[in-house]
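What follows is a set of notes on a single structure, which appears directly below.
The values are calculated or read from the model by the stated rules, or taken from the named source; none is laboratory data. All figures in this text were calculated on a predicted structure; none of them were measured in a lab. Using ideal geometry, Cβ is built from the backbone for each residue, glycine included, and neighbour counts are taken over all protein chains shown. Please note that ligands, DNA and RNA were not included when accessible areas were found on the heavy atoms of the full protein model with its side chains. Shrake-Rupley method; radii C 1.70, N 1.55, O 1.52, S 1.80 Å.
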Amino acid sequence: RIAAIAVVHETLAQSTDGEVAFDEIVRPLVAVVEDGLSSPLRPVEFLVEGDAGVLPARVTTTLAVVVTELLQNAVEHAFSNKNGGRVSVVLGRDADGLRVRVLDDGTGLPPGFTMEEGAGLGLTIVRTFVEGELNGSVELRTVADALGTIAEILVPAESLLGVWDAAQEPVTG
């Protein structure tokens, strides 16, 4: 968590307007997680795909912590019975908002798993930040017809506005 915030801080320190392309955050963030969690006994390949665009600092910081938690959960839980695997971060943005998916090819979710019952600290942080700070939603599900898990975050477009995006000139009659 501290490393995630440090990556964001370092990148934002170089920004002149408090906004940054999330790709500039997520790629070094994934590298930090990879260095800390992958080992010769359990090698995990990490990939980043897609583009999230430019985000305000508060969204960037929150998403960095969320993605870090999801990556750590994937490695810890997905590969507990395997020698290793692959974790992908897939980013996508359109007019409706931002979609961040963390996919792994691990063991999948336990039967009957629900987010409400998955009350570990990591998932509690993820839910609190996504729902409370970003007005978004988070879903965990097993990959259909395959092994692995998908954690999907949806952040609505109105939560992606920067400080100046909502400012408008007064409308005169």
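Among the chymotrypsin sites (Phe, Trp or Tyr not before Pro) in the range 53-143, those located in a DSSP loop and surrounded by at most 15 other Cβ atoms within 10 Å of their own Cβ are Phe113.
At 1.4 Å probe size, with the rest of the protein present, what percent of the exposed accessible area of the range 45-116 is carbon and sulfur atoms? So the carbon and sulfur contribution to the accessible surface is 47 percent. Using C-alpha pairs under 8 Å with a sequence gap of at least 6, the mean separation divided by the residue count of the range 74-127 gives a relative contact order of 32 percent. Between the residues Val138, Leu109, Gly97, the greatest Cα displacement towards the positive end of the dipole of the range 97-146, with unit charges on the Cβ of Lys, Arg, Asp and Glu, is found for Gly97.
Less than 5 angstrom separates the built amide H of Val44 from those of Ser39, Gly85, all sequence-distant by 5 or more or on a different chain. Can you list the HN-Hα couplings for the range 121-132, worked out from phi with the Karplus curve (6.51, -1.76, 1.60; θ = phi - 60°), rounded to whole Hz and with x for Gly and Pro? The phi angles translate into 4, x, 5, 5, 4, 4, 4, 4, 5, 5, 6, x Hz.
Charged side chains reduced to their Cβ positions (Lys and Arg at +1, Asp and Glu at -1) give the range 14-73 a dipole of some 220 debye around its Cα centre. Summary value for the range 17-137: 27 percent relative contact order, contacts being C-alpha pairs under 8 angstrom separated by 6+ residues. Summary of packing: across the peptides 149-155, 89-95, 27-33, the per-residue average of other C-beta atoms within 10 Å ranks them, highest first, as 149-155, 27-33, 89-95. Taking amide H positions as modeled 1.01 Å from N, with prolines and chain starts lacking one, the residues under 5 Å from Gly136 and 5 or more places away or on another chain are Glu131. Each Lys and Arg Cβ is given +1 and each Asp and Glu Cβ -1; about its Cα centre, the range 91-156 then shows a dipole of about 100 debye.
Per-residue 3J(HN,Hα) values for the range 86-95, derived from phi via the Karplus relation 6.51 cos²θ - 1.76 cosθ + 1.60 with θ = phi - 60°, read 10, 10, 10, 10, 10, 10, x, 9, 9, 4 Hz in sequence order (x marks Gly and Pro). Residues in the range 153-159 carry Karplus couplings, in order, of 10, 10, 10, x, 3, 5, 7 Hz; the curve used is 6.51 cos²θ - 1.76 cosθ + 1.60 with θ = phi - 60°, and Gly or Pro positions show x.
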